1. Residues in segment 149-161 that are at pLDDT below 90 and surrounded by 16 or more Cβ atoms within 10 Å (Cβ to Cβ): how many?
2. Would it be correct to say that VAL57 is over 16 Å from VAL117 (Cβ atoms) and modelled with pLDDT of 90 or more?
3. Would you confirm, using the coordinates I've provided, whether THR144 is modelled with pLDDT of 90 or more and either under 26 Å from PHE100 (Cβ atoms) or out of contact with any helix residue (DSSP H, G or I) (no Cβ under 6 Å at 6 or more places or on another chain) (or both)?
4. Could you count how many residues in segment 138-158 are closer than 14 Å to HIS182 by Cα and of a type outside the set (S, T, N, Q)?
5. Pick from segment 129-188 the residues that are touching a residue at least 60 places away in the same chain (Cβ under 8 Å) and not in a loop (DSSP other than H, G, I, E, B): which of them is farthest from ILE199 (Cα to Cα)?
6. Go through segment 82-99 and count every residue that is open to solvent by less than 20 Å² (accessible area, probe 1.4 Å) and modelled with pLDDT under 95.
7. Tell me, which residue of segment 38-54 that is over 11 Å from VAL97 (Cβ atoms) and modelled with pLDDT of 85 or more is surrounded by the most Cβ atoms within 10 Å (Cβ to Cβ)?
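The values are calculated or read from the model by the stated rules, or taken from the named source; none is laboratory data. Computed from a prediction, not measured in an experiment: that's the story for all the values here. In this analysis, Cβ positions are derived from the backbone assuming ideal geometry, glycine residues included, and neighbour counts consider all displayed protein chains. Surface accessibility is based on the protein's heavy atoms, side chains included, excluding ligands, DNA and RNA. Shrake-Rupley method; radii C 1.70, N 1.55, O 1.52, S 1.80 Å.
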Amino acid sequence: MENNHNAPNRGPVKFVLFFLALVGLGMLAVPFLLVPPASLEIRFEDEEFHGVLEGKVANVTDESGHTRSVPIYKYPEGMIADLGRVPSGERKWMVEVEYFRSAHFTASVEPLKKKRVRVSLTPAFGRLRVRGMNVLKPDEPIGTPLSITVGGKTYKSENRGPVYVPFMSPGEHEIKAEAPDHYPFTGKVKIAVGEVKDINVY
């Protein structure tokens, strides 16, 4: 049986779809043309114990509420998180890093340029720095590496220097210090939020 129906003419439909696609691409390009992007890096300042930031993640939220997670890397110039492309202009930001209090900053970034801002972090924990001293010569450190055990975790000194215990909850802790060819030391230390406490063990 012969089909007398003619096939529909799809030419106008294709043209309309193509036109709409072009309009859509043009709309996507408008924000770029009106507000060219920029680049932003954050250099974290926690000079006392800056090494504890290496490998952590910074959650950075802009004033519109959009959050991105950026790893923190150690560079010769410090601990840096690279946000990459951000809108140019002046904006407010909030940074959150585990074990630290939230930090806020305002950055003004010129279009198509990169800017690095410095952000100081305040710890939400206590930190301890322990030096092993010679009991016979109180002004001299011991000549062997020192290890400190707190809460079941052991921390060791580097190059016979002090031992750093980075994350300690506020309150009283029992510590044990050990060094080759020396008697062990056991004692208690009290830590407050944000405190960096220096102690010598003999």
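1. 1
2. Here the answer is yes, as VAL57 does meet what is asked.
3. Against the criterion (modelled with pLDDT of 90 or more and either under 26 Å from PHE100 (Cβ atoms) or out of contact with any helix residue (DSSP H, G or I) (no Cβ under 6 Å at 6 or more places or on another chain) (or both)), THR144 does not qualify.
4. Counting residues in segment 138-158 that are closer than 14 Å to HIS182 by Cα and of a type outside the set (S, T, N, Q) gives 6.
5. The residue in question is PHE167.
6. 4
7. Residue satisfying both the conditions and the ranking: LEU40.
So that you can scan it fast, the table gives a plain yes or no per residue for (1) within 30 Å of VAL60 (Cα to Cα); (2) within 28 Å of the chain's Cα centre (by Cα):
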{"site": "GLU110", "(1), (2)": "yes, yes"}
{"site": "LYS115", "(1), (2)": "yes, yes"}
{"site": "PRO123", "(1), (2)": "yes, yes"}
{"site": "GLY132", "(1), (2)": "no, no"}
{"site": "LEU136", "(1), (2)": "no, no"}
{"site": "ASP139", "(1), (2)": "no, no"}
{"site": "ILE142", "(1), (2)": "no, no"}
{"site": "GLY151", "(1), (2)": "no, yes"}
{"site": "GLU158", "(1), (2)": "no, yes"}
